[in-house]
């Protein structure tokens with residue numbers, strides 16, 4: 001089993017290091033160590049997108065994502081991507097927890113309403129990615145946390161930047177999707 005120690009790396013480095021390893025070596029077993037839940041989720045989702053079955057272990061503050069694949073990984077994009085099917089998919093990137101400039105209260109209300117209407121995109125919505133100040137929408141106490149959890153339960157992939165969570169000291173408030 002190939003082991004990767006990606007602890008201490010800022011996102012998206014753990015996923016990129018995992019991807020590079022799979023591209024360089026023909027592997028059907030891999031174990032990646034990370035030090036925050038956002039990196040754990042991102043690595044786990046990446047491995048699953050590559051056909052790996054994953055198991056998560058936690059030891060103190062560290063996470064270990066073990067992946068096993070029946071066939072040797074080739075890091076080819078999943079067949080559900082637009083390149084294979086001709087379908088167009090939408091990725092939404094939220095870099096802030098407010099919409100627009102001016103009144104912050106109004107900006108938050110606009111963002112909350114926007115997040116709650118994303119379900120109208122239906123199956124065309126492929127990913128929600130939260131970076132920078134946007135990570136504040138994904139933590140305990142967020143007005144849209146329940147909505148995000150429902151999106152995740154319905155199959156939408158939500159990615160959250162671990163660097164942002166650490167920068168704002170929110171990693172302990174982050175709830176795993």
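Observations on the structure shown:
- Axis angle, to the nearest 10 degrees, between helix 13-24 and the longest C-alpha principal axis of the chain: 30 degrees.
- Highest mean first, the peptides 112-118, 157-163, 54-60 sorted by other C-beta atoms within 10 Å per residue fall in the order 157-163, 112-118, 54-60.
- Pairwise Cα distances in region 2-68 exceed 14 Å for 48 percent of all pairs.
- Bridges between two residues of region 2-68, per DSSP, are antiparallel at a rate of about 75%.
- Only Cα pairs under 8 Å and 6+ residues apart enter the sum, and on that basis the relative contact order of the chain stands at 20 percent.
- Kirkwood-based Rg to Rh ratio, the chain, C-alpha trace: 0.99
- Using C-alpha pairs below 8 Å separated by at least 6 residues, the relative contact order for region 2-68 is 35 percent.
Read-outs throughout are calculated quantities, based only on the coordinates presented, and are distinct from any laboratory measurement. Computed from a predicted model, the values in this text were never measured in an experiment. With ideal geometry, Cβ positions are generated from the backbone for all residues, glycine too; neighbour counts draw on all protein chains shown.
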